[in-house]
Structure formats: structure tokens, C-alpha cells
Amino acid sequence: MTTERVIEAFEVRKNYAGGTEGAGLNGFDLEVSAGTVTGLLGPNGAGKTTAVRILATLLTMDSGEARIAGYDVRRQGAEVRRRIGLVGQSAAVDEILTGKQNLVMFGRLNHLGHAKAVRRADELLERFSLTESAALPASKYSGGMRRRLDLAASLIVAPAVLFVDEPTTGLDPGGRAEVWSAVRELVKGGTTVLLTTQYLDEADQLADRISMLKAGKVVAEGTPDALKAQLGADWLDLVVTEQDDVQHIRQLVDRLADGEVRVDGLRVSIPVKDRTRALVEVATLLQGANIEPEDITLRRPTLDEVFLNLTGSGVPA
């Protein structure tokens with residue numbers, strides 16, 4: 001994997017008049033290597049959209065520096081725009097036109113000749129598995145198909161960097177899987193992707209590295225596995241059938257827990273250091289209390305738990 005940096009941001013600041021304290025960006029730093037996917041996560045108001053808009057030259061920073069493919073975002077905006085694509089939260093396709101007509105239209109808008117625009121449309125339809133539906137109006141496409149068409153439209157001129165803002169919001173599991181596959185294909189083709197998402201499992205699936213934002217600053221970054229390892233403890237999850245057993249279990253395992261025991265309905269999650277020893281001890285305690293769990297699982301921390309621990313918010317947005 002190349003170490004060439006194609007997205008760089010240093011001490012970027014952007015404050016909004018009348019905005020709440022901590023809104024905007026307050027010393028935002030980011031480095032993204034070529035040919036990778038970086039996930040940008042943070043609670044509502046953390047600055048994700050502001051960061052993307054500044055990097056895409058849609059918003060001017062108050063101070064700091066940012067470069068795309070070596071070009072200064074503030075001083076060389078035209079050069080930056082020639083090298084980027086942007087996929088917003090809503091599909092930008094024309095519902096009346098067919099899938100192919102949409103792509104040809106985007107090609108013509110990007111100053112391609114008619115013949116070249118048609119060839120490029122055909123290439124992208126095949127790349128995103130849309131050839132069979134090319135003659136259908138976009139209004140007949142499923143949510144996943146529309147987002148794939150939107151991704152294809154953003155690649156008409158094959159940008160080096162693609163900003164993708166919450167690509168699967170509102171899609172069903174099948175549609176999300178389709179978009180995930182499309183993003184992976186983009187990266188295989190050499191495109192660098194900066195992804196904002198409200199789904200932590202999406203970042204876990206797609207991102208080579210993750211940057212977590214809080215109050216306009218990156219508070220943690222690394223691979224998904226490295227971020228999970230920061231929490232240290234493994235987790236022992238117990239699922240019971242009776243609500244009365246939940247509090248009883250909390251009392252039983254309190255001395256074994258390496259941190260706060262969490263309860264979600266009939267699930268009790270216990271942070272533990274020595275996973276094997278903890279499993280044996282908890283099983284012994286449960287047997288002595290005549291509690292038979294429906295399920296018992298040892299696992300590593302999830303990105304949700306990392307996010308909650310680092311940002312103090314349980315809901316990225």
C-alpha cells in the first residue's frame with residue numbers, strides 16, 4: 001500500500017457566527033494515504049460535514065492548511081476540483097432519465113464529447129453491475145441501485161479523491177451491501193475515499209483507517225482493530241430470559257469486571273481482562289446461583305463502544 005498522502009489537513013479552524021460552543025472545526029488534522037478508505041466519524045455537530053465541505057472547496061476555512069493531491073484548497077481551488085468527486089447524502093440523478101441517459105448527461109456536463117460520454121457510461125454501468133437496468137428510468141431503481149448510479153455519476157471523470165457523505169442512510173441491508181461492494185471496487189481502481197457515516201459497522205467494514213471527531217477535533221485515529229484495542233478489556237456478554245436475573249448477575253460479577261458493567265434489556269456485558277479465567281469464574285458463579293443463561297459470548301470491543309468511550313456520545317450522526 002502506498003504511503004503517498006493525497007488528503008492533508010493541519011490545524012483547520014472554522015467557526016460559525018452564533019454557533020454553539022465547539023461547533024465547526026477547532027484544529028482539525030487529517031492525513032489520508034492514496035488508494036485507501038478513511039472513515040470520518042463523530043457525534044452530531046462534531047464537524048464532519050464542515051470538514052468535507054472545506055476539503056471539497058465548498059466552504060472557506062478561517063485558518064489552517066489543507067491540500068488535495070498536493071494542491072492547496074484555498075489558493076488552488078480549481079486544481080482541487082479537477083481531482084475530486086462528491087457524493088452527497090441524497091442521490092443526484094434525474095428520475096425521468098434512464099440510468100444510461102443519466103451517465104451520458106453527466107459526461108456531457110463534464111465536457112466529454114457525445115461518443116466518449118456514451119463509452120464512459122457503458123464502462124461505469126458494467127463496473128457497478130447496472131448494465132441490465134441501463135434502459136430503465138431511475139425512478140424504477142431500488143435504493144441501492146440509485147446510490148450505485150450516483151457513485152457512477154461521480155466517477156465520470158475518474159477523480160483521484162472521492163468524498164462520500166453517508167452513502168447508505170435509509171437503505172435496507174441489501175442496498176447497503178450493494179453500496180459497500182461498489183465502494184470497494186472504487187478503491188481497487190485506485191480512487192481514495194473519505195467516507196462519513198452514521199453506521200459504525202459500515203466504517204468497520206470499509207475503512208482502512210478511522211478518524212473520530214469530537215467538538216471539531218480528531219480525538220482518536222487508527223485502524224478499526226487498533227481503536228478497539230485501545231479499550232483494552234475483552235467483553236463477556238450474557239443473555240438471560242428473566243429480567244430478575246439481570247440485577248442478580250450484576251451483583252455476582254461486580255468484582256470480576258474491569259470497568260463498568262453494561263445492561264441492554266436482557267443482555268449483560270462485562271468488561272474483563274483475563275478472558276478465559278473470567279469465563280470460567282462467571283460460569284461457576286451462575287451455576288451456584290442456579291442461573292442458566294440463554295447465551296454467553298466472549299468478544300473484542302466493538303467500534304460502538306470505542307466511539308462511546310472516546311466521544312461521550314452513543315449516536316454518531
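Using alpha carbon centroids, what distance separates the range 216-283 and the range 65-127, in Å? The distance from the Cα centre of the range 216-283 to that of the range 65-127 comes to 46 Å.
In a simple Cβ point-charge model (Lys, Arg +1; Asp, Glu -1; nothing else charged), the range 179-307 has a dipole of about 620 debye relative to its Cα centre. Taking the square roots of five times each eigenvalue of the Cα gyration tensor of the range 233-300, the equivalent ellipsoid has semi-axes of 17, 13, 11 Å, listed largest first. If the segment from Asp225 to Thr297 were pulled out straight at 0.36 nm per residue, it would be longer than the present Cα-Cα gap by 24.0 nm.
For the pair Asp254 and Leu109, label points projected 7 Å from Cα toward Cβ lie 6.2 nm apart. When the GluC sites (Glu not before Pro) in the range 151-251 are filtered for DSSP coil states and for at most 11 other beta-carbon atoms within 10 Å of their beta-carbon, the remaining sites are Glu242.
With R₀ set to 45 Å, the beta-carbon distance separating Val187 from Val263 gives a calculated FRET efficiency near 0.70. Across the range 115-124, rounded Karplus estimates of 3J(HN,Hα) from the backbone phi angles (6.51 cos²θ - 1.76 cosθ + 1.60, θ = phi - 60°) give 4, 5, 5, 5, 4, 5, 4, 4, 4, 6 Hz, Gly and Pro being marked x. A full extension of the chain between Ser139 and Glu31 corresponds to an added length of 35.0 nm, given 0.36 nm per residue minus the alpha carbon distance. Taking the DSSP beta bridges with both ends in the chain, the antiparallel portion is around 65 percent. Using the Cβ-Cβ distance between Ala17 and Ala92 with R0 set to 25 Å, the FRET efficiency from 1/(1 + (r/R0)^6) comes to roughly 0.25. Using a simple spin-label model with pseudo-atoms 7 Å out from Cα toward Cβ, Thr60 and Arg75 lie 1.6 nm apart.
For the chain, lysine pairs separated by 8 or more sequence positions, or belonging to different chains, with Cα-Cα distances below 22 Å total 11.
A short reminder: the numbers here are calculations on the coordinates, not readings from a lab. Small disclaimer: the values here were computed from a predicted structure and weren't measured. Using ideal geometry, Cβ is built from the backbone for each residue, glycine included, and neighbour counts are taken over all protein chains shown.
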